[in-house]
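The values are calculated or read from the model by the stated rules, or taken from the named source; none is laboratory data. Not measured: the values here are computed from a predicted model. In this analysis, Cβ positions are derived from the backbone assuming ideal geometry, glycine residues included, and neighbour counts consider all displayed protein chains. Please note that ligands, DNA and RNA were not included when accessible areas were found on the heavy atoms of the full protein model with its side chains. Shrake-Rupley method; radii C 1.70, N 1.55, O 1.52, S 1.80 Å.
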Amino acid sequence: MLKIGVKDLAKYPFLTEAGEYLRDTGLSLEQLGHSDWKPIVEKAYGRIVVASSGQIYNSDLDALDNDSELLSFIVAIILLKSAGMATLIKRFSLAESRRAERYLQQDLYASREKKNLELPLKIIRDIFSVNVLIDNDEFVIKIPDYVKRSVHFHEKEWKLVNRRISNGYVYLSAHETVRLIRAELGEYINTRIQSVNISSIPESFRQRVQDLVALAKKFSDTTFVSSEYPPCVKHGIEVLEKGENLPHSGRFLLATYLLSKGQTVDQIAPLFKNAPDYNERTTRYQLEHISGSSGSGTKYQCPSCEKLRSESLCFAIPDCNGIINPVQFGKKRKTS
Amino acid sequence: MNEKNTLFVESAFKEYYFNRFDLIHVPQKASEREFGYQKFNSGMTRHLVIRNDKELRLLLMKEVPSDVYCSNAYYSFPGLPMAEKDWKGADLIFDIDAKDLGLPCRQDHTVFKCSSCGHGIIGFQPKCQQCDSTKFESVSTTCKICISESKNQVTRLVDVLTSDLGIKKEEIEVYFSGNEGFHMRVTNSDYESLGSHERADLADYIMFNGAIPESFGVPRQSNSKVSLPSTDEKGWRGRVARKLFSSKSKAPKISKDIIANGHTTFQVQLDEIKKTMGVKIDPKVTMDIHRIFRLEGSINSKSGLAKIQCTDLDSFDPFQSACLLGDDSVDILVDCPTQIRLKNKKFGPYKNEKVSMPKYAAVYMLCKGLGNIL
Ligand code: SF4
Ligand SMILES: [Zn+2]
Ligand SMILES: [Zn+2]
């Protein structure tokens, strides 16, 4: 049997084995309420704050003690559940999945030489029900398992035609393997958190729970997804919300579309927060440029449906019939 | 189609459905599929449940449809409206049609039929020689070249499915479509759960659509290292390499040229390879996970030929094997400016004349709109 140590659990605290480990230590929620454990509560709180700002919480697994890494994750979940703010849970899951993703990639890469891939491959198999095999120095997965995930990416290199393929299998690097399952990792952590039941929490947690409720309010104005948006725009927003990379042309579509609907740069900028390469200053600068409020002063128009189709950004539905630009979507067509 | 023609064609179809029980079967998992049919000059009836051969034959005898369809998808409740069916999976399907292959022979046997007087000519003309009308419908017939080129595409598709996608030969069924091409169905449990977007990417793979130079070892930056695929590789990388380096002795020079010409030129080369080597399937069919697809064994009302399975593609002759209607002699008035070959007999060209011909040929003419029953 595969032995999962506490160091592994510090890296992957969402594994079911983490709960078992905790049970074995005999530590109860009541005990965690004792002031001795205050540093853990603070650490957990910090972990959430870092995550909600869109950054990845960093652990130094060699220097720190792994117990507190694992415990702070669990306490963070308790705090989040008690605060009950969905946007925080979402942001936390996303950031934690990014953190785990780093370790997963390192483990796949490092252990390849040592032929000790059991743990990372077990995680991929258990959580994502994808079987990853090894062929020489590469990772291989079945084509159907691959396309089910790759269709959510929009860069051309993820198209099947641009992959090495043989006998029903796709060849991937360690980095690509992990990238492929990133979104599911976030969802998995999210559902794990959702499924946790907490009846009562220690008194000493209360202050931090209140702080979280206050923190969440800061983010609640960023959700402005309207059901009236055309599928291409909705899709772009979804991609960004999942923290995936949207190609430049997709960001351009979102910016021009939302600007044309009267949204301001201030309203649009937070949308790009989850992008892997987010930088507040450049995002603003680009948005202002597109809106015509800086630089040359030309206001850019929303690209045509045809252009979007050629960039694989069109996801037309019957309601798209008869329009040539996304801005026309949902407007009543003249009866001819 | 006018009433007289309709009655005649219907009776020919009915005779076939009555006599050829041996060819009429429901596909596997029949009770989980949606069936549909059309009658001449009327709309589509969908969302039917047909559990077995007996029920199918009963429907065919009772309704005498012009066309019969069956879903590639399996549902929990195939008889309910689409939103409530509960989609469980779908066979992979492919459509290869001679008219999508860009063949030069097409213009030699595509008939332009005048919409007002019905006069047919080969080759486009601005107005009808008989009545000066400028409206035409095009009627396509099929020649030997059309069929052999379509077979060629089928062979290439089978190669991509088996050696690239890992599908076994036994899981692939090839059918003549009943008109101008071939249908294929793959029953493989790994692929059946794929949705429409995923299937679109498979279709792009098969058509060699969207390939970029980077994936074939030619980077955008001219100073980066170029590493072209080798001829023994699997998949498109191997196919592209074999195409580029068809001559071994010239390989070093070809490599050098590719490196010197760079990314943009190589993209153009890949686009060329797509045109000549990409398999010409209809991507809309492959993407569709709710399609009702022509049922094997049924007659196609565009031609009066049957959709039938081809076990040996090379020797398969649709004008022989799929031509299954009766052969008693019938008098019809035909205006068909091109020659048709059915059951090794030649028919036409006819210039608006009265002809006696076997029933299967008469039905073909009527279905194509090139004649009228007398
Ligand atoms: S048709 Fe136009 S509006 Fe509709 S999804 Fe495509 S690009 Fe967007
Ligand atoms: Zn005329
Ligand atoms: Zn032809």
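See the values below:
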read-out	value
Set of aspartates and glutamates with alpha-carbon distance to residue B:135 below 18 Å, sequence-local pairs under 8 removed	B:335
Positive-end residue of B:329, B:25, B:289, charge dipole of chain B with Cβ unit charges	B:329
Cα pair distances exceeding 28 angstrom across chain B, given as percent	54
Degrees between helix B:359-368 axis and first principal axis of chain B (Cα, 0 to 90, nearest 10)	70
Sequence-distant aspartates and glutamates (8 or more away, or on other chains) whose Cα lies within less than 17 Å of residue A:38	A:30, A:65, A:67, A:69, A:203, A:211
Student exercise, chain B dipole from Lys, Arg, Asp, Glu Cβ charges, in Debye to nearest 20	880
Charge dipole (debye, nearest 20) of the protein assembly as shown; +1 at Cβ of Lys and Arg, -1 at Cβ of Asp and Glu	1680
Estimated distance in nm for a label pair at residue B:86 and residue A:195, the labels positioned 7 Å out from Cα along Cα-to-Cβ	2.3
Where labels lie 7 Å past Cα in the beta-carbon direction, separation of residue A:285 and residue B:309 in nm	6.5
Among A:41, A:233, A:213: highest mean-square fluctuation, GNM of chain A, C-alpha pairs under 10 Å	A:213
Chains B and A together, accessible area buried on both sides, 1.4 angstrom probe, square angstrom	1900
Rounded D (µm²/s) - the stretch A:131-180, Kirkwood Rh over Cα pairs, Stokes-Einstein at 25 °C, 0.890 mPa s	227
Under 22 Å, Cα to Cα: Lys pairs in the stretch B:2-113, sequence gap 8 or more or different chains	14
All-pairs Cα distance distribution in the stretch B:210-277, expressed in whole percent, bin size 10 Å	21, 60, 19, 0
Share antiparallel - DSSP beta bridges, chain A, percent rounded to 5	100
Two-site FRET efficiency, residue A:3 against residue A:316, from Cβ-Cβ distance with R₀ of 60 Å, rounded to 0.05	0.70
Anchor residue A:299: lysines whose Cα lies under 20 Å away (excluding residues fewer than 8 positions away in-chain)	A:261, A:307
Shape metrics for the protein assembly as shown, restricted to C-alpha atoms - Rg then Dmax, Å	31.6, 105
Sum of -39500 (n - 2.57) over DSSP H runs of 4+, divided by residues of chain A (222 nm, nearest 500)	-17000 deg cm²/dmol
For chain B, cysteines whose Cβ has no other cysteine Cβ within reach (under 4.7 Å)	B:70, B:105, B:143, B:146, B:310, B:323, B:336, B:367
Calculated on alpha-carbon atoms, Rg and Dmax of the stretch A:231-333 in Å	13.5, 40
Peptide A:36-42 - average C-beta neighbours from other chains (10 Å radius)	0
Principal axis box of the stretch B:4-91, alpha-carbon based, largest edge first, Å	42, 28, 19
Environment charge at residue A:13 (Cβ cut-off 13 Å; Lys +1, Arg +1, Asp -1, Glu -1)	0
Averaged over A:136-146, number of beta-carbon atoms from partner chains that fall within 10 Å	3
For residue A:232, solvent-accessible area (1.4 Å; no DNA, RNA or ligand), Å²	20
C-alpha long axis of helix B:196-207 to longest principal axis of chain B, angle in °	80
Extension gain (nm, one decimal) between residue A:217 and residue A:136, 0.36 nm per residue minus Cα-Cα	24.1 nm
With DNA, RNA and ligands ignored, accessible area of residue A:271 (1.4 Å probe; Å², nearest 10)	20
Check: the stretch B:210-277 dipole with +1 on Lys, Arg Cβ and -1 on Asp, Glu Cβ, in debye	200
Directionally averaged shadow of chain A, computed from the convex hull of its alpha-carbon atoms, nm²	21.4
Which listed pairs, of B:127/B:307; B:275/B:307; A:148/A:242; A:122/A:148; A:43/A:218; A:159/A:331, have C-alpha distances above 25 Å, in listed order	B:127/B:307; B:275/B:307; A:159/A:331
Computed accessible area, residue A:307, all protein chains, 1.4 angstrom probe, square angstrom	100
For chain A, with +1 on Lys and Arg beta carbons and -1 on Asp and Glu, the positive-most of A:44, A:191, A:285 along the dipole	A:285
For the stretch B:266-311, alpha-carbon Rg over 2.2 N^0.38 Å	1.73
Average partner coverage of A:168-177, which counts Cβ from other chains inside 10 Å	2
Rounded FRET efficiency, nearest 0.05, which uses the C-beta distance separating residue A:266 from residue B:259 and R0 of 45 Å	0.40
Dipole of the stretch B:258-374, positive direction: furthest Cα of B:261, B:276, B:363, with charges on the beta-carbon	B:363
